[in-house]
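These notes are about the structure you will find just below.
Please treat every number below as a calculation from the coordinates, not as lab data. As the structure is a prediction and not an experimental result, all values here were calculated from the model. Please note: Cβ atoms are built from the backbone with ideal geometry, for glycine as well, and neighbour counts cover all protein chains shown.
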Amino acid sequence: MNFDREEPLVSGLRMWRADAAGCLCMSGTTTSYAVDPLGEYVVGVVVAGAMLARRGRDRFVFEPGDVCAWDPSAAHSGLPYGCTGWQARLLVVETLSMKEMVQGFEGDALDIHFAKPHRRDPLLARRFVDLHRTLETTSWRLERETLLFEWLCAAAGEPPERCQSRRAARRDPALRRARELLCDELAANVTLDELAGALGVSRHRLTRLFRAAYDMPPHRFQLAFRIGTARRMLERGVPVAEVAVETGFVDQSHLHRHFRKTLGMTPARYANLAAQTYKTSMR
């Protein structure tokens, strides 16, 4: 096996969109994966089997009951460890959705940062499984969002000075206007000079604000929003070619390349999984 498979090998994979902060839920067994979590948090629990994951030079062994909490900082991949495959429950939480989800009572975003991707915490794992099961059953939205919010808070931790720096960047009017322009003009092929000029700031200042607020430069922020929008269109059954045009990709192959790199599967496979889950839920 290698880490460069076009798509993960899965068995009985289920995928559905939870009505709570736009979470993408997954459950199933796999024999390999490789993703670049573009502006996304991937959290979950290994249910059976074991996985050897790597991110850069770091290696982590996840066994049954272990919690994984990956931030968007770098690509990661995994293979079975002492077995032929592992079963897991996962949530993919998009950065923008998370920002909307974890708002403090006074309007300040509660920043989420995971100190390390591997946790051996039985209570945290049990709470995640309860949360995940709630997200696949009929329940009130308030219940779902509260359980998700509380779990994210329990799993997170970050030095206060880093939180303050990120919050200050996100409050900056220039960043707010830039974010609005990128999200409202999704199909536009805007340049860094054009974006900075429209806001009356330098390219350096604009790039620094995005890195401070989201740990990514403007172009990756735009790509993250495009991929997130593409997912929702595919879930609604919009043809892949139309999705590519509407979300600002050059063509269908351009969408295919970025989509597969981000989630480890092609847009067509993602659309098929979403359609299968919908059919199953309607039975």
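See the values below:
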read-out: Burial ranking of peptide ranges 257-263, 41-47 (average Cβ count within 10 Å, highest at the top); value: 41-47, 257-263
read-out: Charge tally in the Cβ shell below 12 Å around P37, where Lys, Arg are +1 and Asp, Glu are -1, P37 excluded; value: -2
read-out: Efficiency of FRET from Cβ geometry, C83 and R54, R₀ 25 Å, rounded to 0.05; value: 0.90
read-out: Net +/- balance of residues flanking D58 in space, Cβ distance below 14 Å, scoring K and R +1, D and E -1; value: +4
read-out: Distance between modelled label sites at L192 and T146, nm, 7 Å Cα→Cβ extension; value: 4.6
read-out: Net charge over other residues, Cβ less than 13 angstrom from the Cβ of P173 (K, R count +1; D, E count -1); value: +4
read-out: Nonlocal amide H pairs with M216, under 5 Å, H built at 1.01 Å; value: R211
read-out: Separation of the K261 and V129 label points, Cα + 7 Å toward Cβ, nm; value: 3.7
read-out: Stretchable slack from A241 to A174, in nm (0.36 nm times residue separation minus alpha-carbon distance); value: 20.8 nm
read-out: Shape call, the range 133-234: gyration tensor on alpha carbons, a/c limit 1.5; value: oblate
read-out: A268 paired with A154, simple spin-label distance in nm, labels 7 Å along Cα-to-beta-carbon; value: 4.2
